[in-house]
Amino acid sequence: MSLKVHNQADKRRKIQVAPVSAYTNDNGVIAYKPTVKAKLVAKQSQFARLVSAAQTVTLAPNATRTVTFTVKTPSGHFSGLIDGGFRVRALGETTTTSVKKGFSIQNRYETVVGVTLQQRKQAVSPVVQVGTIKPAKVNGQLVALANVQNIEPALFGKMTIDAKVTNDANQTVAHHKQTDLAWRLTRRSTTTWAGNRKRLNPGNTTWH
């Protein structure tokens, strides 16, 4: 598998190209990392584990280089998709933005070229399950963490999470909605729920 990397700058640049695996982060967005925990994506479904190691090339101004990787064929047949890609970034380059006096942000820019591996054309339908729901503190705020899983190797978007908490009188005491979420094969992705920021009174509640 090969990629062409082009340096559009008028200076020499050191470019790193690294294989990455796709997973669903806690905001319900597909993200990419070189190493993903097995509890998020099964090891046999991680793209980066099937591709040779990252490479670094030095490019002259306006030069182009072809970078080639070896892809290891998964043992046995697999259904659905193995999703990932290649992260391309310039090493040693950052941009500093001043937000206010005494505080600044350093930005590092990179891009991901997506890759999907598939053996069979037969589509696999996603199966979404809700696991445990528990209270927790995130950034000092009391929230509910819901364990949401897509257990099949399928990629899909436009997902909506619409959840609520009701009391014994079947009255809604908290509500949370997220739209336009994207999901891929994952063992676990936690959605953070701050509810409607109202304090829940003691008593029995039902989570929907």
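The values are calculated or read from the model by the stated rules, or taken from the named source; none is laboratory data. What you see is a predicted model; the values in this text were computed from it and never measured. Cβ sites come from the backbone with ideal geometry, for glycine too, and all protein chains shown count toward neighbours.
Here are some notes:
- Any hit, segment 179-200, residues being at pLDDT 80 or above and either surrounded by 11 or more Cβ atoms within 10 Å (Cβ to Cβ) or farther than 22 Å from Leu81 by Cβ (or both): yes
- For segment 9-50, a tally of residues being in a loop (DSSP other than H, G, I, E, B), more than 29 Å from Thr73 (Cβ to Cβ) and modelled with pLDDT of 90 or more returns 3.
- Every condition in (1) without any contact (Cβ under 8 Å) to a residue 24 or more places away in the chain; (2) touching a strand residue (DSSP E or B) at 6+ places or on another chain (Cβ under 7 Å); (3) loosely packed, with under 14 Cβ neighbours inside 10 Å is met by Val36 except one, and the failing one is (3).
- Test result for Phe86, surrounded by 16 or more Cβ atoms within 10 Å (Cβ to Cβ) and closer than 29 Å to Thr179 by Cα: yes
- Among the residues listed as Ala154, Ala169, the single one being modelled with pLDDT of 80 or more, outside the structural domain of Lys39 (by TED's automatic domain parsing) and part of a loop (DSSP other than H, G, I, E, B): Ala169
- Residue match in segment 15-37 (condition: closer than 13 Å to Arg89 by Cβ, in the same structural domain as Val71 (by TED's automatic domain parsing), of a type in the set (A, V, I, L, M, F, W, C) and under 11 Å from the mean Cα position of the chain (by Cα)): yes
- Enumerated strands (runs of 3 or more DSSP E) restricted to segment 59-113, each holding at least 3 residues that are over 21 Å from the mean Cα position of the chain (by Cα) and under 19 Å from Asp10 (Cβ atoms): none
- A count restricted to segment 117-149 and to residues that are in a loop (DSSP other than H, G, I, E, B), surrounded by 14 or more Cβ atoms within 10 Å (Cβ to Cβ) and of a type outside the set (S, T, N, Q) stands at 2.
- Some residue of segment 55-76 being polar (S, T, N, Q), assigned by TED's automatic domain parsing to the domain that holds Asn7 and surrounded by 15 or more Cβ atoms within 10 Å (Cβ to Cβ): yes
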